[in-house]
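Heads up: the structure comes next, in structure tokens.
All of the numbers you see were taken from the coordinates with simple rules; none came from a lab. Treat the numbers as computed from the prediction; the structure is a model and nothing was measured. Glycine also receives a Cβ, built like all others from the backbone with ideal geometry; neighbour counts cover every protein chain displayed.
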Protein chains: 2
Amino acid sequence: MTNKPNTRDAILDTASKLFYCQGYHATGLNQIIKDSESPKGSLYYYFPDGKEELALACINRTSENMSRDLRCYMDNGGSAGEAVSDLLHGIAREAEKSAYEGLVPLSFWLAVETSGISDQLQQACRSVFLDWQNVIGERLVRDGFQEEEAVRKASATVSLIEGALLQALTCKEGGPLLAAAHAAAELLNRPAEK
Amino acid sequence: MTNKPNTRDAILDTASKLFYCQGYHATGLNQIIKDSESPKGSLYYYFPDGKEELALACINRTSENMSRDLRCYMDNGGSAGEAVSDLLHGIAREAEKSAYEGLVPLSFWLAVETSGISDQLQQACRSVFLDWQNVIGERLVRDGFQEEEAVRKASATVSLIEGALLQALTCKEGGPLLAAAHAAAELLNRPAEK
């Protein structure tokens, strides 16, 4: 689901994992350079503004990956419910592979205690939620749901995805993601009733 | 939905709000005493171990309030779906009343950057998720759902609630909670099909 990592990706992978596992403030740039085995100077080349820029890049990459995967599953020919269900099964496999440490829920960034950038992070997370909602909502409209119902179901699906990821990482098991997959399939496959 | 605040409650209300709005580390005990207008010494009387004990008490109180509300709505005579929907509408009203600052999602505690107590906080959050799931699951079994389906639907409902709260607080609007209420009603009111 992810590209073969280049240096920038390797830095972001390592940074996300360290921020999440040991805390944003406790993670230094030197450790990110060392653990990602990236050439000295490359972190400052890609992220001249340092840690804050790195945090925003982590959020944006999570967002882009998820949106791309969502769109990809949505175009796979199945129903919207199957698409979200496939996405959640994919996340569950990835989470298990990384022993529930490689994925970072958006909620992590919302709670990061950074006085300076928290507004920017909050804005970024808001855009991410809206972006996912739009991808799902547009598909539901194409499936024949009325606009209002599509928006509502898309919002609930985003809640389901983010809540399930959070529960899975907290309990370190995939059950909540699979339960959410089931629920999404039920929720999105029902024909519009109005 | 909450009792008339006594001193302990006032301390916890203030502490939760300050931790969430300005960060756990940035919040000092003196500010909590001052903002909660509680007598000097009462914080140390109720929470002799200080800030860490206070954090755990905040989580446990969130959990107890939510479990109590959940059970209360579940016993109100309506369906399980109506009960969760009523709960979410209640949360939406409370969130709006507090301008989206009085409520703290569990995810906040999961991301708090506290090296010493994070394991304890994570354990506490895990228990909370399981507790909510049990309240909902037990009711679904009473409603005639098979055990496996009840557990799955209960887990998805918890994801829906926590994800919606997170989205609502991030976007500072109640839409996600109302959308989740609708989805919960659909998800839990369907008769068992197997």
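Take the Cβ atoms of A:E147 and B:R93, set R0 to 22 Å, and the FRET efficiency comes out at 0.30. Take each residue in A:147-155, count the other chain C-beta atoms within 10 Å of its C-beta, and the mean is 3. Relative contact order of chain A, taken over Cα pairs closer than 8 Å and 6 or more residues apart, is 24 percent. Where the alpha-carbon atoms of the stretch B:59-189 are placed on the principal axes, they occupy 44, 30, 20 Å, in descending order. Using the average count of surrounding beta-carbon atoms within 10 Å as a protection proxy, the listed peptides B:15-21, B:95-101 rank, highest first, as B:15-21, B:95-101. Highest mean packing first, where packing is the average number of other Cβ atoms within 10 Å per residue, the peptides B:131-137, A:122-128 line up as B:131-137, A:122-128. Placing +1 on the Cβ of every Lys and Arg and -1 on the Cβ of every Asp and Glu, with nothing else charged, gives the stretch B:59-189 a dipole about its Cα centre of roughly 120 debye. Sorted from nearest, the other copies put their B:A26 label points 2.0 nm away, the label point being 7 Å from Cα in the direction of Cβ. The mean number of partner chain beta-carbon atoms within 10 angstrom of a residue's beta-carbon across peptide B:97-110 is 3.
May I ask which residue of A:S127, A:I33, A:Q167 lies farthest towards the positive end of the charge dipole of the protein assembly as shown, with charges of +1 (Lys, Arg) and -1 (Asp, Glu) on Cβ and the Cα centre as origin? Sorting the options by dipole projection puts first A:I33. Computed from label points 7 Å out along Cα-Cβ, the spacing between A:E53 and A:A26 is 2.7 nm.
For the residues of B:166-179, the average number of beta carbons from a partner chain within 10 Å of their own beta carbon is 6. Is the C-alpha gyration tensor of the protein assembly as shown telling us rounded, prolate or oblate? Criteria: a/c under 1.5 is rounded; beyond that, a/b larger than b/c is prolate, otherwise oblate. Oblate shape, in that a/c is at least 1.5 and b/c is the bigger or equal ratio.
Distances between copies of B:G77, taken at a point 7 Å out from Cα along the Cα→Cβ vector and listed shortest first: 5.3 nm.
Across the identical copies, the 7 Å label point of A:H89, projected outward along Cα→Cβ, sits 3.7 nm from its counterparts, in ascending order.
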